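Encoded as structure tokens, the structure appears first; notes follow it.
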Amino acid sequence: MGDLDAPINEKPDGGNRAPVLADKVAFLTQPSAYGQHPIEVSRRETHMSWIFLAGDRVIKLKKPVRFSYLDFSTLARRESACRSELILNRRLAGEVYLSVQPLVWTNRGLAIGRPGVPVDWLVVMRRLDEANTLEQLLLAHRIHPRDLGHLVDTLTRFYRHAAHVHVSAGFHLALWRRMLADNRRVLLDLQLAPSSIGLVRWIDKAQRYFLDRKAELLASRVYAHKIVDGHGDLRPEHIFIGHPIRIIDCLEFNATLRAVDPLDEVAFLCLECERLGAAWASAYLHRRFLQSCQEPVECEALFCFYHCYRATLRARLSLAHLLEPNPRTPEKWPLLAQKYLQLAAADAARLDRMIKKPSGR
């Protein structure tokens, strides 16, 4: 249902047929679709959206897809997701997320924000310079520690005011056991090379041992109300360095995936900095964030556990692309998964040392 020929269930009044996704993508690719009439429009496809870069604006159209973690299959669900995206992303990028506009069917065809029958909904954003993302600045070696300090200050304020997510310690620990089991099951079902299978088993053993021995550390985060409605996808490509710092593309479609310990979310950001070859930036963010939040010393082990889990999850998600009917860039995912597994293995070794567990490899 995610390809360009996917039918739309909601048929507008009148006309011979409802516009399908291919019609909408073709329309939004035309400069004439926009009141500003940009010189050209470029487009990008993601797993769940089409994104159109039109002059100084970015227009996002959600695909009519349904996965285990999201449901955009109806017009009403896509409208709700667009409105949630606007509200939630204004927490960290207020002036970037401008509005939600209907894509309508009129007697002259498709139009944006005019009177007519809504056939879809669009998120309208201010376009930012992608050269200023943390990812691009790290790759170009153009980031300064003061920029990272500014980022930590922004995140600290955000988490301090983020809504608390009320869960029980028992539920939280059960969720962690399930997440580790999901990673193990999926990775071992993907017919990896024998060496990778051994690595996955060793990493999983270290993570489960930590969870068994340090369950009270994870439970203490619940008791201290540290589980908050966070960003959910804190990657360097979503962070724009400047004054102010802007962070876009939170996971608006799934509140469960946004319910995080800030240490976990920042550990994910640190992992992605390491993957990009900027271990120094990861170390700086790690140290500065723990200092800023005045976290106790024992949280070092918890941070390592989070970092290890995130690396394993990213390996799993990378390889899962190969399970799609027509995966884009299939050669990319095994190499990326192997890199994440190597990072997870280094964390597993650190976890072993932290809890004084003899190596089980």
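The values are calculated or read from the model by the stated rules, or taken from the named source; none is laboratory data. Predicted model only: the values in this text are computed from it and were never measured. Note that each Cβ is placed from the backbone with ideal geometry, even for glycine, and that neighbours are counted across all protein chains shown. Only protein heavy atoms, including side chains, enter the accessible area calculation; ligands, DNA and RNA are left aside. Shrake-Rupley method; radii C 1.70, N 1.55, O 1.52, S 1.80 Å.
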Can you count the Lys pairs in the chain whose Cα atoms are under 13 Å apart, with each pair 8 or more apart or on different chains? 6
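What FRET efficiency do you get for Val20 and Ala255 if R0 is 41 Å and r is their Cβ-Cβ distance, rounded to the nearest 0.05?
Numbers: r = 30 Å, r/R0 = 0.74.
Between Val20 and Ala255 the formula returns 0.85.
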With a Förster distance of 25 angstrom and the Cβ-Cβ distance between Tyr69 and Ile197, calculated FRET efficiency to the nearest 0.05 equals 0.45
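What size of dipole, in debye to the nearest 20, comes out for the range 217-343 about its Cα centre when the only charges are +1 on Lys and Arg C-beta atoms and -1 on Asp and Glu C-beta atoms?
For this selection, approximately 220 debye.
Could you give the length gained on full extension between His243 and Ser80, defined as 0.36 nm per residue of separation minus the Cα-Cα distance, in nm? Don't jump to the answer; show the numbers that get you there.
Working: separation 163, 0.36 × 163 = 58.68 nm, distance 3.07 nm.
Using 0.36 nm per residue and subtracting the Cα-Cα distance, I get 55.6 nm.
What accessible area per residue comes out for the range 230-361, rounded to a whole number of Å², with a 1.4 Å probe? Mind dumping the intermediate values first?
Values: 5590 Å² over 132 residues.
Per-residue accessible area for the range 230-361 comes out at 42 Å².
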Using a probe of 1.4 angstrom, how much of the accessible area of the chain is carbon and sulfur, in percent? 52
Positive end of the charge dipole of the chain (Lys, Arg +1 and Asp, Glu -1 on Cβ, about the Cα centre): tell me which of Met125, Val266, Ile248 has its Cα farthest that way. Val266
Which is farthest toward the positive dipole end of the chain among Val25, Ile87, Val165, measuring Cα position about the Cα centre, with Cβ charges +1 (Lys, Arg) and -1 (Asp, Glu)? Val165
Classify the range 171-252 as rounded, prolate or oblate from the Cα gyration tensor: take a ≥ b ≥ c as the square roots of its eigenvalues, call it rounded if a/c is under 1.5, otherwise prolate when a/b beats b/c and oblate if not. oblate
Assuming a ≥ b ≥ c are the square roots of the Cα gyration tensor eigenvalues, decide whether the range 117-172 counts as rounded (a/c under 1.5), prolate (otherwise, with a/b larger than b/c) or oblate. oblate
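Taking N as the number of residues in the chain, what is its alpha-carbon radius of gyration divided by 2.2 N^0.38 Å?
Details: Rg = 22.0 Å, N = 361, 2.2 N^0.38 = 20.6 Å.
The reported ratio for this selection is 1.07.
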State, as an integer percentage, the relative contact order of the chain based on alpha-carbon contacts under 8 Å between residues 6 or more apart. 14
Based on the mean of other Cβ atoms within 10 Å per residue, sort peptides 246-257, 128-139, 265-276 so the most packed one is first. 265-276, 246-257, 128-139
Can you list residues whose amide H is under 5 Å from Asp120's amide H, if they're 5+ apart or on another chain and H is modeled 1.01 Å from N? Leu103
Per the Cauchy relation, a quarter of the hull surface: what is the mean projected area of the convex hull of the alpha carbons in the range 147-291, in nm²? 9.9
Run the helix sum for the chain: -39,500 (n - 2.57) per DSSP H stretch of 4+ residues, divided by residue count, reported at 222 nm to the nearest 500 deg cm²/dmol. -15500 deg cm²/dmol
Expressed to one decimal in nm², the mean projection of the alpha carbon convex hull of the range 292-332 is 4.1
For Ala281, what charge total do you get from the other residues with a beta carbon under 15 Å from its beta carbon, if Lys and Arg give +1 and Asp and Glu give -1? +1
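Between Gln342 and His150, what length in nm is gained on full extension when 0.36 nm per residue of separation is reduced by their alpha carbon distance? Present the calculation step by step, with values, prior to reporting the outcome.
Values: separation 192, 0.36 × 192 = 69.12 nm, distance 3.00 nm.
My answer for the length gained is 66.1 nm.
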So what does log10 I(q)/I(0) come out to for the range 94-144 at q = 0.16, 0.22, 0.23, 0.31 Å⁻¹, using the Debye formula with one equal point on every Cα and no solvent? -0.61, -0.78, -0.81, -1.03
Extension gain Glu130-Leu323, at 0.36 nm per residue separation less the Cα-Cα distance, in nm? 66.5 nm
